[in-house]
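Enquirer: Input: one structure, supplied below.
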Amino acid sequence: MTQAVVASSTLVGVDAIAVEVQIDVSAGLPAFTIVGLGDAAVLEARDRVRAAMRACGYEFPNARVTVNLAPAPVRKHGTGFDLPIALGILAATGQIPRSATDAVAVGELALDGGVRPVPGLLAHAIAADRTGRPFLLATDALPAVSAVAGISARPLDALSALRQGLPQPATGPPPARTPGRGGPDLAEVHGQPAAKRALEIAAAGGLGVLFVGPPGAGKTMLARRLPGILPPLTAQEAIESAVVHSVAGLDVEALLAGERPFRAPHHTASTAGLVGGGSPPRPGEASLAHNGVLFLDEAPEFSPAALQALRQPLEDGYLTLVRAEGRVRYPARFALVAAMNPCPCGFLGDLARPCTCPPAMVERYRARIGGPLMDRIDMTLRVDRIDPGCLLRDLPDECSQPVRERVTAARVQARERDGDRAANGGAALLRACALDAGSRRAVERAAHVHRLSGRGVTRLLRVARTIADLAGEERVREQHVLEASCYRAFS
Amino acid sequence: MTGDLRFVLRLGDPGYPAQLELTPRPPRVLYGFGDPSALRPGLAVIGSRKATPYGLDCAAFFARCAAESGVVVVSGAAMGCDLAAHRATLEAGGTTVAVLGCGADVDYPARARDTLALLRAGRGAVVSEFEWGMPPARGHFPARNRIIAGLASAVLVVEAALPSGTFSTADHALDAGRDVLAVPGSVFFHGSAGCNRLIRQGAAPVCCVEDLLDSLAGVGLLGSAARTGGVDPAGVSPLSPESADPVLRALLAHPMAPDALATALETDAVTVMQAIARLETGGRVARYPDGRYGPCAPR
């Protein structure tokens, strides 16, 4: 009777938790069983492992092979156990050196013995890094995990290469950090100075924006350019976001290069699609937008349940899914941009085309963006189609680059003043604003004339504080409050 | 049902409004709720449901003028200009009549519930040619418009698109031989096209208090005593004093969005937004529901 143990891991949410793959090869009727709550993909490993071993010239033991995935009560998903199972059987039967089992192994096997990457490799790599052991993975996935500092990655092309023991450590080319590459540039939007200004303020203050305007006004174009004027992802943020994308099986190269994610779910998205769910649970759009921008186009058309589900991430920056098999937590801290038509037909307030909607219908339509979402919208702006003449005239429009620099400077100033916890409301916000006599009067007048609620005043101050930061001012002045009052919600 | 002020007037009854009886198609039965004496000849103030602040302010302003001169204000209790006229009249202590396209005891639109309750309690009257409890229906409203025109001696249209229900009320008014008055609007705004068309067709333009009082006197709603009694309804004129501020001048003449205004004045959007916000808190301009900024009554 021979045994072997190989370390591996399985995903729970965006974390990989350690799993011990225990192999027992003993005499008896030839059989191959896997126990330990694996899903169908885990059980199919038996056929892939058998074929891959034979294809690489190894011998599959003509004996009773039992695989246990410990801890046994945790559900395990996916094809990442192929590699550790094969590794364990090979080590237990003495076909490869025992030292090969020192690594944490995660990978799927092809029938020809090739090793393929699995979703969430970045999360597995981080878990492996925590154990301090080398990480055995598919060569294809090497560039993505190179971003994990200090990891000892052992790339493996095929099972046959294990005859000499673990492969040598290798590092892929570190992802090039070239912020702003590829993403659409602000200069491509002609005109719309007020909307661009609102985007700049939103970027500087991390504020939610709602664009209201007829179809074809450029709401989506504007929203797509928000990631490009945000400062690039820090290394830490890039890893956080990339892990989520990796778990969802998406490309992480752009994220690791510092580009902020931009997610624009369609308004037919289900609640699970928006905030995550399913079995096994997968991160939703809100989590994929972590550290980036979540754009809700046609916001009133989203199902009320889906919008309601955004409440937790909007307030806490993460969301928790509670399912029969346990709780998983996904990060979801994003900048919110929403867009909507002014009315169901879209032409309310259009000078060229009259609106055909009855007033009561317009009100119902607007009321569909309910509480939790509106609470996180700090700025509302009307966006209109621009004059075609303006499109054809080749006026110089500002590029993203200088805007990004101003946004970064404003963020630095806010951070120096407020520290890590941004002053979002209450006494801290008032202190941060340091109103003078003129600006205090302006706030009072605006609150009176526009009948602002307490929350409305807080929003006004938050926007004014950000405008002052963009201007490099220590105190919020009257003109900052005046401009901020132009971005108040439509009542 | 005791304690409430319901009344039913049949064509030919002594209390049936005489001016209504003389219209081409007077309603055979008039169901009323409130004070029947409110059904004396008055001024109809009507306008769009999708009103701009300009239209709402005009409705409220001229309704107040009429109320303070003791003239009954008739309207249709619809959202927008109609409700603004009813409310301004009540605030000024005047009498106002709402003509509904449903039973006179039905709260429609729901937004008008408070106002209708005041009228039913005797601050005016709610009338309808439809049975008690009849729900509103699309076809009822044109019929309702003819009663509004019939109860009034003159019809003031404050803001109307083309074509629109408001415009049809003006047609009924002409059929019934009533004077039609209209408040002019921007020539660039389709929401004002109805009013401007009425003026072109011969309606009397109403641009200030004097214009309205002249017209009211012309149809016999204002005794000469009241005229010479120095009636100065609100003490203000909707005309804004001359201003040198280019932003204010531009917006008063033609409502615009900040972007368009910045282009027109060849300056940057942020400066324009600050100027607009200053004027807005000063009560000189207001934001329209479509995001443009334009004139409103001085507050």
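The values are calculated or read from the model by the stated rules, or taken from the named source; none is laboratory data. Please read all numbers here as calculations on a predicted model, not as lab measurements. All Cβ positions, glycine included, derive from the backbone under ideal geometry; neighbour counts span all protein chains shown.
Enquirer: Which numbered condition in (1) surrounded by fewer than 22 Cβ atoms within 10 Å (Cβ to Cβ); (2) within 13 Å of chain B (Cβ to nearest Cβ) is the only one that A:Gln312 fails?
Expert: (2)
Enquirer: I've got another one for you. For region A:210-244, name all the residues that are crowded, with 24+ Cβ neighbours inside 10 Å, within 14 Å of chain B (Cβ to nearest Cβ) and of a type in the set (A, V, I, L, M, F, W, C).
Expert: A:Leu210, A:Phe211, A:Val212, A:Leu222
Enquirer: Going by the conditions given, is A:Leu351 modelled with pLDDT under 85 and away from chain B (no Cβ under 12 Å)?
Expert: no
Enquirer: Could I ask something else about it? Hey, can you tell me all the residues within region B:72-100 that are among the charged types (D, E, K, R) and buried (at least 23 other Cβ atoms within 10 Å of the Cβ)?
Expert: B:Asp82 - this is the single residue of region B:72-100 that is among the charged types (D, E, K, R) and buried (at least 23 other Cβ atoms within 10 Å of the Cβ).
Enquirer: Something else: Quick check: is even one residue across region B:101-116 more than 19 Å from B:Asp4 (Cβ to Cβ) and crowded, with 24+ Cβ neighbours inside 10 Å?
Expert: Pass one, region B:101-116, residues more than 19 Å from B:Asp4 (Cβ to Cβ): B:101, B:109-111.
Now drop any that are not crowded, with 24+ Cβ neighbours inside 10 Å, which leaves B:101.
Looking through region B:101-116, at least one residue is more than 19 Å from B:Asp4 (Cβ to Cβ) and crowded, with 24+ Cβ neighbours inside 10 Å.
Enquirer: Can you tell me how many residues within region A:328-344 are surrounded by fewer than 20 Cβ atoms within 10 Å (Cβ to Cβ) and either touching a Lys or Arg at 6+ places or on another chain (Cβ under 6 Å) or without any contact (Cβ under 8 Å) to a residue 24 or more places away in the chain (or both)?
Expert: Qualifying residue count, region A:328-344: 1.
Enquirer: Let me ask something additional. Hey, does region B:64-71 have a residue that's in contact (Cβ under 8 Å) with a residue 12 or more places away in the chain, surrounded by 14 or more Cβ atoms within 10 Å (Cβ to Cβ), in a strand (DSSP E or B) and not assigned by TED's automatic domain parsing to the domain that holds B:Leu252?
Expert: No, there is no match, as no residue in region B:64-71 is in contact (Cβ under 8 Å) with a residue 12 or more places away in the chain, surrounded by 14 or more Cβ atoms within 10 Å (Cβ to Cβ), in a strand (DSSP E or B) and not assigned by TED's automatic domain parsing to the domain that holds B:Leu252.
Enquirer: What do you reckon, is B:Arg144 away from chain A (no Cβ under 14 Å), out of contact with any Lys or Arg (no Cβ under 9 Å at 6 or more places or on another chain) and among the basic types (Lys, Arg)?
Expert: When the stated conditions are applied, B:Arg144 passes them.
Enquirer: Name the residue that is nearest to the other protein chains (Cβ to nearest Cβ), counting only residues in region A:354-373 that are farther than 27 Å from B:His254 by Cβ and surrounded by 18 or more Cβ atoms within 10 Å (Cβ to Cβ).
Expert: A:Tyr365
Enquirer: Report yes if some residue within region A:345-352 is crowded, with 20+ Cβ neighbours inside 10 Å, within 28 Å of A:Val252 (Cα to Cα) and either among the hydrophobic types (A, V, I, L, M, F, W, C) or touching an Asp or Glu at 6+ places or on another chain (Cβ under 8 Å) (or both); otherwise report no.
Expert: No, every residue in region A:345-352 fails to be crowded, with 20+ Cβ neighbours inside 10 Å, within 28 Å of A:Val252 (Cα to Cα) and either among the hydrophobic types (A, V, I, L, M, F, W, C) or touching an Asp or Glu at 6+ places or on another chain (Cβ under 8 Å) (or both).
Enquirer: With the condition being without any contact (Cβ under 8 Å) to a residue 40 or more places away in the chain, I'd like the helices (runs of 4 or more DSSP H) fully within region A:346-420 carrying at least 3 qualifying residues.
Expert: On the way: elements: A:359-367, A:371-375, A:388-392, A:400-418.
Fully inside region A:346-420 and qualifying: A:359-367, A:388-392, A:400-418.
Enquirer: Here is a follow-up. Kindly indicate whether any position in region A:241-254 is in a helix (DSSP H, G or I), within 30 Å of B:Gly291 (Cβ to Cβ) and in contact with a Lys or Arg (Cβ under 9 Å, 6 or more places away or on another chain).
Expert: Looking for residues that are in a helix (DSSP H, G or I), within 30 Å of B:Gly291 (Cβ to Cβ) and in contact with a Lys or Arg (Cβ under 9 Å, 6 or more places away or on another chain), one finds none in region A:241-254, hence no.
Enquirer: Scan region A:478-491 for residues that are under 17 Å from B:Met273 (Cβ atoms) and within 10 Å of chain B (Cβ to nearest Cβ) and jot them down.
Expert: Answer for region A:478-491, where residues must be under 17 Å from B:Met273 (Cβ atoms) and within 10 Å of chain B (Cβ to nearest Cβ): A:Glu478, A:Gln479, A:His480, A:Val481, A:Leu482, A:Glu483, A:Ala484, A:Ser485, A:Cys486, A:Tyr487, A:Arg488, A:Phe490.
Enquirer: Looking at (1) modelled with pLDDT of 90 or more; (2) within 30 Å of B:Val187 (Cα to Cα); (3) not in a loop (DSSP other than H, G, I, E, B), find the lone condition where B:Asp57 falls short.
Expert: For B:Asp57, the failing item is (1).
Enquirer: Which of the helices (runs of 4 or more DSSP H) contained wholly in region B:241-299 include at least 3 residues that are modelled with pLDDT of 90 or more and within 12 Å of chain A (Cβ to nearest Cβ)? Outline the logic, then answer.
Expert: Details: elements: B:246-253, B:258-265, B:269-281.
Output list reads B:269-281.
Enquirer: Under 6 Å between Cβ atoms, at least 6 apart or on separate chains: pull out the pairs that start in region B:31-57 with a residue that is within 13 Å of chain A (Cβ to nearest Cβ) and end on any residue that is surrounded by 24 or more Cβ atoms within 10 Å (Cβ to Cβ) and assigned to a strand (DSSP E or B).
Expert: These pairs meet every condition: B:Gly47/B:Val158; B:Gly47/B:Glu159; B:Ser48/B:Glu159; B:Ala51/B:Glu159; B:Gly55/B:Gly47; B:Gly55/B:Val158; B:Gly55/B:Glu159.
Enquirer: Among the residues in region A:378-391, are any closer than 30 Å to A:Leu307 by Cβ, surrounded by 12 or more Cβ atoms within 10 Å (Cβ to Cβ), at pLDDT below 80 and of a type outside the set (Asp, Glu)?
Expert: no
Enquirer: Given A:Arg445, A:Arg475, A:Arg455, A:Arg459, which one is more than 9 Å from every other protein chain (Cβ to nearest Cβ), buried (at least 19 other Cβ atoms within 10 Å of the Cβ) and out of contact with any His (no Cβ under 9 Å at 6 or more places or on another chain)?
Expert: When all the criteria are applied, what remains is A:Arg459.
Enquirer: Right, here's the next one. How many residues does region A:374-385 contain that are within 14 Å of chain B (Cβ to nearest Cβ) and either among the small types (Gly, Ala, Ser) or out of contact with any helix residue (DSSP H, G or I) (no Cβ under 8 Å at 6 or more places or on another chain) (or both)?
Expert: Adding up the residues that qualify gives 3.
Enquirer: Name the single residue, out of those in region A:246-282 being closer than 22 Å to A:Val42 by Cα and out of contact with any strand residue (DSSP E or B) (no Cβ under 8 Å at 6 or more places or on another chain), that is modelled with the lowest pLDDT.
Expert: Out of the qualifying residues, it is A:Gly278.
Enquirer: Of the residues A:Phe81, A:Phe32, which single one is among the aromatic types (Phe, Trp, Tyr) and over 18 Å from A:Phe135 (Cα atoms)?
Expert: On the way: A:Phe81 fails: over 18 Å from A:Phe135 (Cα atoms).
One residue alone meets the criteria, A:Phe32.
Enquirer: Report, by residue number, each residue of region A:332-356 that is in contact with a His (Cβ under 8 Å, 6 or more places away or on another chain) and either under 30 Å from A:Leu321 (Cβ atoms) or of a type in the set (Phe, Trp, Tyr) (or both).
Expert: A:Ala332, A:Arg333, A:Phe334
Every residue, every condition in (1) at pLDDT 95 or above; (2) outside any helix (DSSP H, G or I), yes or no:
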| position | (1), (2) |
| --- | --- |
| B:Ala149 | no, no |
| B:Leu156 | yes, yes |
| B:Leu162 | no, yes |
| B:Phe167 | no, no |
| B:His172 | no, no |
| B:Ser186 | no, yes |
| B:Gly191 | no, no |
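Enquirer: Checking A:Val322 against (1) over 30 Å from B:His254 (Cα atoms); (2) surrounded by 16 or more Cβ atoms within 10 Å (Cβ to Cβ): exactly one of these is not met. Which one?
Expert: (2)
Enquirer: Where the second residue is assigned to a loop (DSSP other than H, G, I, E, B) and β-branched (Val, Ile, Thr) and the first is in the same structural domain as B:Ala204 (by TED's automatic domain parsing) and lies in region B:161-182, which pairs have Cβ atoms under 6 Å and are six or more apart or on separate chains?
Expert: Pairs found: B:Ala176/B:Thr23; B:Asp179/B:Val219; B:Leu181/B:Val206.
Enquirer: Take A:Leu482 and decide whether it is of a type outside the set (Phe, Trp, Tyr), part of a helix (DSSP H, G or I) and surrounded by fewer than 14 Cβ atoms within 10 Å (Cβ to Cβ). So that I can check it myself, show each step before the final result.
Expert: On the way: of a type outside the set (Phe, Trp, Tyr): yes; part of a helix (DSSP H, G or I): yes; surrounded by fewer than 14 Cβ atoms within 10 Å (Cβ to Cβ): no.
No: the conditions fail for A:Leu482.
Enquirer: Hey, another quick one. Here are some conditions: (1) surrounded by fewer than 16 Cβ atoms within 10 Å (Cβ to Cβ); (2) modelled with pLDDT of 90 or more; (3) within 14 Å of another protein chain (Cβ to nearest Cβ). A:Ala409 meets all but one. Which one does it not meet?
Expert: Checking A:Ala409 against (1) surrounded by fewer than 16 Cβ atoms within 10 Å (Cβ to Cβ); (2) modelled with pLDDT of 90 or more; (3) within 14 Å of another protein chain (Cβ to nearest Cβ), the one that fails is (3).
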